[in-house]
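Quick notes on the structure that follows.
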Amino acid sequence: QVQLVESGGGLVQAGGSLRLSCVVSTSTFNNSGVNWYRQAPGKRREWVGSISSSSTAYYAESVKGRFTVSRDNAKKTAFLQMNSLKSEDTGVYYCNVRSPIREYWGQGTQVTVSS
């Protein structure tokens, strides 16, 4: 059973930074891409960014240039560095990994950006 645990959320002022972590309990982490999503109150969950198993990063246009995804294979951990935060970045942030037969989600971590 694959488990994902996010941490690092909190309350921050606009313009500030946060770093989210996602620890993934799987023996195949090195071969897994990791995806980040967020969900604002009353809105659909949206994709934020991804990092492939070869550490290629992809970003949604809304966060490009402000957010950075990275990974530490030795720690089986993915990171989402968020800079220049805006009020519209507020939401619950989730990490996600996919296998050929299903996908796995963490419990989410709340990020609140005050303006």
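The values are calculated or read from the model by the stated rules, or taken from the named source; none is laboratory data. Keep in mind the model is a prediction, meaning the values are calculated, not measured. Glycine gets a Cβ as well: all are built from the backbone with ideal geometry, and neighbour counts include every protein chain shown. Calculation scope for accessible area: heavy atoms of the full protein, side chains included, ligands and nucleic acids excluded. Shrake-Rupley method; radii C 1.70, N 1.55, O 1.52, S 1.80 Å.
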Those residues of the stretch 93-115 which are under 21 Å from S25 (Cα atoms), of a type in the set (A, V, I, L, M, F, W, C) and touching a residue at least 12 places away in the same chain (Cβ under 8 Å), in sequence order | C95, V97, W105
Can you name the condition, by its number, that I51 falls short on among (1) open to solvent by less than 50 Å² (accessible area, probe 1.4 Å); (2) more than 15 Å from the chain's Cα centre (by Cα); (3) over 22 Å from T112 (Cβ atoms); (4) at pLDDT 95 or above?
-> (2)
Restricting attention to the stretch 1-21, and to residues there that are assigned to a loop (DSSP other than H, G, I, E, B), over 11 Å from Y93 (Cα atoms) and of a type outside the set (S, T, Y), which single residue is most open to solvent (accessible area, probe 1.4 Å)?
-> Q1
Looking for whichever is at pLDDT 95 or above, surrounded by 18 or more Cβ atoms within 10 Å (Cβ to Cβ) and under 10 Å from the mean Cα position of the chain (by Cα) here; the options are V34, V24, V63. Which one fits?
-> V34
Flagged in the stretch 57-79 as in contact with a strand residue (DSSP E or B) (Cβ under 6 Å, 6 or more places away or on another chain) and more than 15 Å from Q39 (Cα to Cα), in numbering order, are A57, Y58, Y59, F67, T68, V69, S70, R71, K76, T77, A78, F79
Only unsatisfied item for M82, checking (1) touching a residue at least 40 places away in the same chain (Cβ under 8 Å); (2) under 14 Å from G33 (Cβ atoms), is (2)
Count, please, the residues in the stretch 69-86 that happen to be open to solvent by less than 40 Å² (accessible area, probe 1.4 Å) and either of a type in the set (S, T, Y) or under 18 Å from S25 (Cα atoms) (or both).
-> 5
